[in-house]
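Report on one structure; see the data block that follows.
The values are calculated or read from the model by the stated rules, or taken from the named source; none is laboratory data. The structure presented is a predicted model; accordingly, all values stated were derived computationally and were not measured. Every residue, glycine among them, receives a Cβ derived from its backbone with ideal geometry; neighbour counts consider all protein chains shown.
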Amino acid sequence: MKSLFDRSASEEMVKRITGLTNGSTRQWGKMSVGQMAAHCAVALEVAVGDKTQKRSLAGILFGRIAKKQLFTDKPFKQGLPTDKLFVMHDEKELENEKKRLVSVVNRFSEMSTGGVTKEPHPFFGNLTPDEWGTLMWKHLDHHLRQFGA
């Protein structure tokens, strides 16, 4: 499985992110392209330890079960619910959010497995560094495909 700790995988993601425009058309979901970039940046900021989020009740109840399905070669399904901790309500300016997202992708990739947060994921719970790398790649891939990137 791909990981955001793999330099070529992170470079691919940066290229896809920089290709986003205000004209990028959403294929599913409700977020605008700017909101999606902000959403992905927040998820990575949690992974690098910049932000902390408490475990959600749904995560405590169902996170372990969902985690088992997470680490397969299959991409995330369309229309999966977004934890309210990561919902972007305000409109976001795409160019600013792209810069923020590229910055945190590069930081995550460069920190390698030793620098990822030790805090549990708000939904999936405890993750190994390798699981964080795979999750962050799959999450970005999912949302970039959402906008055709």
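Considering the stretch 1-25, and only residues there that are among the charged types (D, E, K, R) and at pLDDT below 95, the residue that is nearest to the chain's Cα centre (by Cα) turns out to be Lys2.
Checked against (1) within 13 Å of the chain's Cα centre (by Cα); (2) modelled with pLDDT of 95 or more; (3) surrounded by fewer than 19 Cβ atoms within 10 Å (Cβ to Cβ), His143 passes all but a single condition, namely (3). Within the stretch 1-57, the set of residues being among the small types (Gly, Ala, Ser) and either farther than 25 Å from Lys67 by Cα or surrounded by fewer than 13 Cβ atoms within 10 Å (Cβ to Cβ) (or both) comprises Ser8, Gly19, Gly23, Ser24, Ser32, Gly34.
Looking for something closer than 20 Å to Arg7 by Cβ, modelled with pLDDT under 85 and in a loop (DSSP other than H, G, I, E, B) - is there at least one such residue anywhere in the stretch 76-98? No, the conditions are met nowhere in the stretch 76-98. Quick one: would you say Gln35 is at pLDDT 85 or above and of a type in the set (S, T, N, Q)? Taking the combined requirement at face value, the residue satisfies it. Scanning the stretch 97-119 for residues that are in contact (Cβ under 8 Å) with a residue 12 or more places away in the chain and hydroxyl-bearing (Ser, Thr, Tyr), we see that the one that is surrounded by the most Cβ atoms within 10 Å (Cβ to Cβ) is Ser109.
Checking Ser10, Ser24, Ser3 one by one, the residue that is part of a helix (DSSP H, G or I), hydroxyl-bearing (Ser, Thr, Tyr) and out of contact with any Lys or Arg (no Cβ under 6 Å at 6 or more places or on another chain) is Ser10 and no other. Only residues that are of a type outside the set (Gly, Ala, Ser), outside any helix (DSSP H, G or I) and either free of Cβ contacts under 8 Å to residues at least 60 places away in the same chain or under 18 Å from Lys92 (Cα atoms) (or both) were counted across the stretch 29-59, and they come to 4.
Every condition in (1) at positive phi; (2) surrounded by 15 or more Cβ atoms within 10 Å (Cβ to Cβ); (3) not basic (Lys, Arg) holds for Phe86 except the one numbered (1).
A Cβ distance below 9 Å, combined with a sequence gap of six or more or placement on separate chains, defines the contacts here; from the stretch 2-15, residues that are more than 9 Å from Val105 (Cβ to Cβ) and in contact (Cβ under 8 Å) with a residue 24 or more places away in the chain reach residues that are assigned to a loop (DSSP other than H, G, I, E, B) and small (Gly, Ala, Ser) in the pairs Phe5/Ser112; Ala9/Ser3.
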